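The values are calculated or read from the model by the stated rules, or taken from the named source; none is laboratory data. Quantities reported herein were computed from a predicted structural model and do not represent experimental measurements. Every residue, glycine among them, receives a Cβ derived from its backbone with ideal geometry; neighbour counts consider all protein chains shown. When the accessible area is computed, the model is the full protein with side chains, heavy atoms only, and any ligands, DNA or RNA have been set aside. Shrake-Rupley method; radii C 1.70, N 1.55, O 1.52, S 1.80 Å.
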Amino acid sequence: MTIVRVGSETPAPLRRNFTPEVKAMKLDPSNADLLLKIYDLRREEKLRKGRAWLLSKFWFDDMKSFLEACPPGTDENAYYRQVITYWDMVGAIVNHGMIDEDLYFETNMEGMLTWFRVKPVVEEFRKIRNNPLYVMNLEKMAERHKAWLAQRAPGAFETTMKGMEAGRPKK
């Protein structure tokens, strides 16, 4: 039996997927504490700069273009590493069930968007380093989040990605 949180305040798009086997569940308050800690860490000054840079300026489709623009030792390379390792750690928390997945997915899309922005570079990096585990937690979380969103808000992911792509600088 699937257990989810429901109530009269649950939006119709979420309620429509429920079946008679679904029961209401109250979450442990530690989920809220962890969610707020994850949010609070995002406000750290260097991580905030890195997140802003990655989501506004990271338009690399391969490792070569990334390393040409962001060689080791540059702030941009450090931003990339800091942001993806942060989201990979958050992915580990979500993937290992340390926080309620629905609660996390309902309140945060940035980790998922980060994955789809860096995916081509990460995939190439994995091959070069012979390390398929590199930021694996981020990938797993993002793919599950995408599927979760598609079930509850069909088309939202695609619309969001189109909007992000519209911010790509013209070549």
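Being surrounded by 15 or more Cβ atoms within 10 Å (Cβ to Cβ) and over 21 Å from Ile38 (Cβ atoms) is the requirement here; does Glu68 meet it?
No; evaluated as a whole, the condition is false for this residue.
Can you name the residue in region 102-139 that is hydrophobic (A, V, I, L, M, F, W, C) and part of a loop (DSSP other than H, G, I, E, B) and, of all such residues, is surrounded by the fewest Cβ atoms within 10 Å (Cβ to Cβ)?
Leu133
Report, ordered by the first and then the second residue, all pairs with beta carbons closer than 6 Å, sequence separation of six or more or different chains, a first member in region 118-138 that is within 14 Å of Phe58 (Cβ to Cβ) and of a type in the set (Gly, Ala, Ser), and a second member that is at pLDDT 95 or above and buried (at least 16 other Cβ atoms within 10 Å of the Cβ).
none
How many residues does region 56-80 hold that are without any contact (Cβ under 8 Å) to a residue 40 or more places away in the chain, small (Gly, Ala, Ser) and assigned to a helix (DSSP H, G or I)?
Within region 56-80, residues that are without any contact (Cβ under 8 Å) to a residue 40 or more places away in the chain, small (Gly, Ala, Ser) and assigned to a helix (DSSP H, G or I) number 3.
Within region 73-85, identify whether any single residue is buried (at least 18 other Cβ atoms within 10 Å of the Cβ), closer than 30 Å to Lys26 by Cβ and at pLDDT 95 or above, and answer yes or no.
No, that holds for no residue.
Is it fair to say Glu143 is open to solvent by 50 Å² or more (accessible area, probe 1.4 Å), closer than 22 Å to Arg42 by Cα and either of a type in the set (S, T, N, Q) or part of a helix (DSSP H, G or I) (or both)?
Yes, satisfied.
Could you list, in sequence order, all residues of region 146-171 that are without any contact (Cβ under 8 Å) to a residue 12 or more places away in the chain, open to solvent by less than 40 Å² (accessible area, probe 1.4 Å) and either among the hydroxyl-bearing types (Ser, Thr, Tyr) or not in a helix (DSSP H, G or I) (or both)?
Listed by number, the list holds a single entry, Gly155.
Contact list please: Cβ distance under 6 Å, first residue in region 91-112 and under 19 Å from Val135 (Cβ atoms), second residue part of a helix (DSSP H, G or I) and polar (S, T, N, Q), pairs at least six apart or on different chains.
Gly91/Asn137; Ala92/Asn137; Asn95/Asn137; Ile99/Asn31
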